[in-house]
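Structure first, then comments.
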Amino acid sequence: MAASPKRSQAYRLTASQPRQLSQLPGGWLRQQLPPILGDCHVDTLCLDQDLTLVRSRYRPDRPLVEEARSSHEGRLLVITLGLQGRSGYRASDGSTLVFEAGHTTVTSFQASQGERRYEATHPVSQLRLLVGERLLDRYLGPDRTWQLLGQGSLRQLARQPTCLASASHANALLRPACGEHSGKLERHVHALSLLSLQLQALAPAPAAMGRLSNADIQRLQRVRDIMFEQMHQPLTVAYLCIAVGLNEFKLKQGLREHYNTTPQRMLLEIRMGHAHRLLESGCQVAQAAYRVGYRFPGNFSAAFTRFYGKSPKSVFGPRR
């Protein structure tokens, strides 16, 4: 039996060394590093074509240098949120990246070869969102996608402290799914919202907007359709923007011009209208709250009372 490496020396893990694979609840696939290294694993979840979620936790017993090789059909945009600790990456061309808790790093590449580096006994947790070229093309168009991804070489596009909105979406993405189908849709919403926030930071919305085009009006109508279809989900302006292909400024200005309302007001009106119909049909207050996107019936009751000037029980009660 081969002797274990000294704990003071860095252990070099090659890309060809086997990892233990296991299926986790919710569709996650875990890759566990050899136990000799400590508690080190990576979990992967495919949300959609060209949209993948990766969560990792490393706590090596000794300094660890892990060989990393990646090759994809197309170019990738990678959003990394540091949740705990600090790690480094050194590419074969000498370029370096640092990932640390409380910071969000955005990179792009197609094929990359290098080394991930971890300190001994220091826990490191990260959440990554991998966004493929075809998905970016769908939402941004080929010109903007090319600007972001370039020719496929490793590039750091941004690194800044994680904002509260991004942290909120990250927490939601890490929560256990409530149900197979509702959980998948909810994660999709949070993933695209997180992507939209980072894209807005890379390319802020213009300061002015011209007259609405027919294409813009169709996108605004699609915003309204999404609100009807997904009112039970935690819809955000960022998610709506990327779902229909409008920046935040144009979406807000367009709804004000075309519908004389705001995104929040339109969503509230849609939710309250549907909730009223549910209550009239005999649906209980807690069920109606959940079906229109409220996790807590008390919050729903307060919003319903402000909107209609009467409690939801007064609508449901006579039907009992």
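General remarks:
- 10 Å binning of all Cα-Cα separations within segment 154-312, expressed as whole percents from 0 upward: 10, 33, 34, 19, 3, 0
- Neighbours of residue 41 by Cβ distance under 15 Å: Lys/Arg scored +1, Asp/Glu scored -1, total +3.
- Rg in Å to one decimal, and Dmax rounded to a whole Å, for segment 61-114 via C-alpha atoms: 12.1, 36
- Taking Cα centre as origin and charging only the Cβ of basic (Lys, Arg, +1) and acidic (Asp, Glu, -1) residues, the dipole magnitude of the chain rounds to 800 debye.
- Under the span-like rule (Cα at least 20 Å along the axis, Kyte-Doolittle mean at least -1.0), DSSP H helices of the chain: 180-202, 214-229, 263-280
- The equivalent ellipsoid of the chain has semi-axes of 42, 26, 15 Å, largest first, where each one is the square root of 5 times an eigenvalue of the Cα gyration tensor.
- Overall size of segment 267-319 from C-alpha positions, given as principal axis extents largest first: 26, 21, 19 Å.
- Net lengthening on full extension, residue 307/residue 159 (0.36 nm per residue, minus Cα-Cα): 49.1 nm
Coordinate-derived values only; no laboratory data. Source: prediction; values computed, not measured. Cβ: placed from backbone, ideal geometry, glycine included. Neighbour counts: every protein chain shown.
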